[in-house]
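Okay, structure first, notes after.
Only the coordinates and a few stated rules stand behind these numbers; no lab work does. Keep in mind it's a predicted model, so treat the numbers as computed, not measured. Cβ: placed from backbone, ideal geometry, glycine included. Neighbour counts: every protein chain shown.
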Ligand SMILES: Cc1cc2nc3c(=O)[nH]c(=O)nc-3n(C[C@H](O)[C@H](O)[C@H](O)COP(=O)(O)OP(=O)(O)OC[C@H]3O[C@@H](n4cnc5c(N)ncnc54)[C@H](O)[C@@H]3O)c2cc1C
Ligand code: SF4
Ligand code: SF4
């Protein structure tokens with residue numbers, strides 16, 4: 001019998017498996033894709049501190065380093081944030097095809113068993129343990145485990161199998177398309193973000209530099225978008241980068257519903273996108289997935305030691321992720337609800353009113369400045385930011 | 001009686017999972033490398049169509 005079966009070898013699942021295995025647990029990590037990390041569903045940005053908390057940065061999985069972020073209002077007004085102040089997604093641009101495999105390798109080196117092209121498709125709880133049904137290339141079999149960790153991404157079905165309803169509504173996700181583009185002109189020292197209802201309703205367009213070319217992508221909120229994200233992105237690209245070449249296409253979805261009530265059930269913990277851990281403002285989810293994986297791993301170790309896999313015991317995991325970033329998710333969801341209502345003219349006004357001579361441009365400093373000039377605009381959201 | 005179900009255009013689908021994340025009825029799943037719709041569970045609500053980034057889904061009337 002396994003101590004832990006981890007479903008999904010994204011960053012969340014691999015860090016969970018690694019943490020469990022390092023602490024002596026008997027771990028199985030299953031991934032339904034035949035190649036870990038492919039197809040990519042990510043713009044690949046992560047801040048240096050968020051990455052370095054869990055893995056030593058290696059040249060072979062870092063595609064590019066940037067020094068900050070440039071954010072553009074609909075009329076083109078630009079603000080620049082330094083790397084430390086730009087949030088969890090700016091600093092390194094990863095090569096996730098390599099990064100995700102590297103994390104799985106760390107889990108495997110620590111002693112976890114890894115199976116690819118293997119789907120966990122059903123779960124049966126009985127006598128305090130779980131029988132997990134697995135399928136690989138048409139062959140089906142069962143394994144037993146004390147704990148299941150659902151790290152199965154935005155398309156999670158593990159949650160539902162254990163009675164947690166994480167179904168998203170059209171105003172709780174970003175529908176995304178991204179091109180890897182070459183033959184385009186941009187400042188490669190920055191990640192770039194374009195805001196505005198007309199450009200990307202309920203989301204934004206990004207450009208993240210890579211070693212060759214850049215990830216140019218869009219997320220829109222389906223409840224607000226009149227067309228598919230691909231159509232909005234194609235308009236932007238043909239206007240801005242008419243000579244650009246598209247050498248890769250990525251589609252994806254990011255959960256932006258904010259903090260869920262609980263990510264545990266008897267014998268189960270949910271990690272990363274499966275637990276809707278992505279940031280409701282930026283859509284970044286790698287950092288939180290790794291943090292959650294680490295906490296879930298730690299709690300699994302304690303649970304096995306005590307022989308207690310009940311929801312009640314596993315609630316310790318809820319406490320850990322909520323204390324770390326749960327409140328931030330809740331606050332950002334509220335802020336997102338306000339931001340998506342702003343029209344383009346208001347955004348322009350806000351961007352234009354940010355004095356060019358602010359020395360330390362941080363989100364907080366910007367908000368304070370705007371607040372001085374347009375108290376009415378921000379009265380609504382001041383509690384959320386300050 | 002005709003009923004409504006979602007169908008996927010496999011040539012457009014980019015295997016992203018957006019549709020699965022919004023289906024209340026467990027009527028779709030990303031299998032190893034393709035999207036499967038379980039017609040017996042699908043009620044044609046169209047939620048998945050709305051969120052698909054690739055315009056790969058539509059709801060059709062099906063006679064069986
Ligand atoms: C277009 C786009 C751009 C993004 N850009 C960024 C960014 O720049 N920075 C950032 O931090 N985040 C970004 N994100 C979000 C980020 O990609 C996710 O938050 C992150 O990958 C979540 O990690 P995870 O481990 O929770 O899930 P995933 O990485 O999605 O991994 C889940 C894994 O589980 C597997 N799986 C699912 N079901 C089963 C099953 N039944 N059996 C076996 N295996 C299964 C899947 O195949 C998958 O490999 C972006 C997302 C999108 C869509
Ligand atoms: S949302 Fe569209 S592109 Fe994504 S898996 Fe479903 S059908 Fe395919
Ligand atoms: S139409 Fe509704 S029930 Fe059918 S697959 Fe789409 S979301 Fe699920």
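Ranked by the mean number of other Cβ atoms within 10 Å of their residues, highest first, the peptides A:2-13, A:34-45 fall in the order A:2-13, A:34-45. The relative contact order of chain A, computed from alpha carbon pairs under 8 Å that lie at least 6 residues apart in sequence, is 20 percent.
Quick check for you: which residues of the range B:20-40 have the amide N under 16 Å from the point 7 Å beyond the Cα of residue B:3 toward its beta carbon? Hits in the range B:20-40 for residue B:3 at 16 Å: B:24-28, B:37-40. Normalising the average separation of contacting C-alpha pairs (under 8 angstrom, six or more residues apart) by the number of residues puts the relative contact order of the range A:68-122 at 22 percent. The Cα atoms of the range B:2-63 define a convex hull whose projected area, averaged across directions, is 3.8 nm². Take each peptide in B:24-36, A:224-236, A:196-208, count the other Cβ atoms within 10 Å of every residue, and average; sorted highest first, the result is A:196-208, A:224-236, B:24-36. Between residue A:52 and residue A:198, full extension at 0.36 nm per residue minus the direct alpha carbon distance yields a gain of 48.9 nm.
Between residue A:316 and residue A:113, what FRET efficiency comes out of the Förster formula 1/(1 + (r/R0)^6) with R0 = 22 Å and r the beta carbon distance, rounded to 0.05?
FRET efficiency, residue A:113 to residue A:316: 0.30.
Taking label positions 7 Å along the Cα-Cβ direction at both residue B:62 and residue A:345, the computed distance is 4.9 nm, reported to one decimal.
For chain A, the alpha-carbon coordinates run over 62, 44, 38 Å along the three principal axes, in decreasing order. Taking 16 Å as the cut-off, the amide N atoms of the range A:326-342 that come nearer than this to a point 7 Å along the Cα-to-beta-carbon line of residue A:353 belong to A:339, A:342.
Listed peptides A:211-219, A:238-246, A:315-323 appear in the order A:211-219, A:315-323, A:238-246 once ranked by packing, highest mean of other Cβ atoms within 10 Å at the front. Give the calculated FRET efficiency between residue A:171 and residue A:139 to the nearest 0.05, with a Förster radius of 45 Å applied to their Cβ-Cβ distance. The value I calculate is 0.65. At an R0 of 35 angstrom, the distance between the Cβ atoms of residue B:11 and residue A:122 translates into a FRET efficiency of 0.70. Computed from Cα atoms, the angle from the helix A:96-109 axis to the main principal axis of chain A rounds to 30 degrees.
If you count, for every residue in B:10-18, the Cβ atoms of partner chains within 10 Å of its Cβ, what is the mean?
6
Only Cα pairs under 8 Å and 6+ residues apart enter the sum, and on that basis the relative contact order of the range A:138-280 stands at 35 percent.
Per residue of the protein assembly as shown, what 222 nm ellipticity follows from adding -39500 (n - 2.57) for every DSSP H run with n ≥ 4, rounded to the nearest 500?
That comes out to -8500 deg cm²/dmol.
The convex hull of the Cα atoms of the range A:1-133, projected and averaged over all directions, covers 10.5 nm².
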